[in-house]
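Derivation of every value follows stated rules applied to the coordinates shown; laboratory data play no part. Keep in mind that what you see is a predicted model, and the values were worked out from it rather than measured. As a convention, Cβ positions derive from the backbone with ideal geometry for all residues, glycine included, and neighbour counts pool all protein chains shown.
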Amino acid sequence: MAMLLLGVVVVYRCLFQEPAFRGKTLTYWLEKLDHETYMPSASHSNDPRIIGPIRAIKEIGTNGMPTLIKLLNSKDTIGTCSLESFVHWLGWRSFHITKASEKRSLACNGFEVLGKEGMPAVPRLIQLTKTGNEDVRLDALECLISIKPNKDIMLPVLTELFNQSDTELTREAAYWLSSLYPDEASKLSVFIKYPYYKQHLFAPPVKNQAMKN
């Protein structure tokens with residue numbers, strides 16, 4: 001059994017090579033980011049848990065975008081939870097299969113770290129906001145927001161998402177329209193459909209000011 005598992009690991013590594021920094025893959029560095037303490041808008045200059053991973057992700061840079069897109073587009077395989085439960089039942093309590101939602105979270109953190117450097121991925125991210133399940137589309141939108149594309153790129157994306165049926169994605173688009181482009185949001189009747197977003201007219205998120213240009 002041990003040799004079989006080792007063989008699977010070797011084949012996986014041969015087929016799915018990731019860019020690395022100091023011998024560690026991009027996914028390794030993404031996982032090192034502490035999800036409890038990593039707040040992109042905050043300063044972590046004195047937090048060693050954050051300094052190393054952020055530096056590694058920035059050093060890997062655009063070479064890591066295929067990996068980030070792959071993580072973002074993750075979907076759970078049928079039977080994943082059952083397999084994990086079965087292995088736990090066998091006694092391997094430390095065994096864990098990374099869920100699709102966890103992988104997408106890694107991707108979002110990666111694009112947050114890259115910021116504007118993630119611009120080459122914008123066309124693919126826009127495509128992901130239009131297709132697939134809503135979870136992938138929501139996280140793709142979050143990644144776009146992190147990259148902060150200019151208004152001529154971002155406004156059409158948000159407008160198209162807002163004009164779809166009333167879903168969580170529609171509400172998320174309405175939020176960002178009201179926060180970033182209040183004049184356009186008013187013309188689109190965002191504040192009629194979601195009046196509680198009027199409060200954002202005078203307090204757009206500071207970290208996303210760049211997209212207003």
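7 Å from Cα along Cα→Cβ at both K187 and K75: what's the point-to-point distance in nm?
Inter-label distance under the simple model: 3.7 nm.
Please tell me which of these pairs span more than 31 angstrom C-alpha to C-alpha: K75/K187; K148/K193; K116/K187; K70/K116; K148/K187; K99/K130?
Working: K75/K187 36 Å; K148/K193 25 Å; K116/K187 29 Å; K70/K116 19 Å; K148/K187 22 Å; K99/K130 22 Å.
With Cα atoms farther than 31 Å apart: K75/K187.
Quick check: net charge around R22, other residues with Cβ under 14 Å of its Cβ, Lys/Arg +1 and Asp/Glu -1? Don't jump to the answer; show the numbers that get you there.
Numbers: positive: K24, K32, R55, K58; negative: E18, E59.
The answer is +2.
Between S165 and N150, how many nm apart are label points set 7 Å from Cα along the C-beta direction?
Modelled inter-label distance: 3.6 nm.
Taking the Cβ of T167 as the center, what net charge do the other residues with Cβ under 10 Å away carry, scoring Lys and Arg +1 and Asp and Glu -1? Don't skip to the answer; put the middle values down first.
Numbers: positive: R137, R171; negative: E134, D166, E168, E172.
Its environment carries a net charge of -2.
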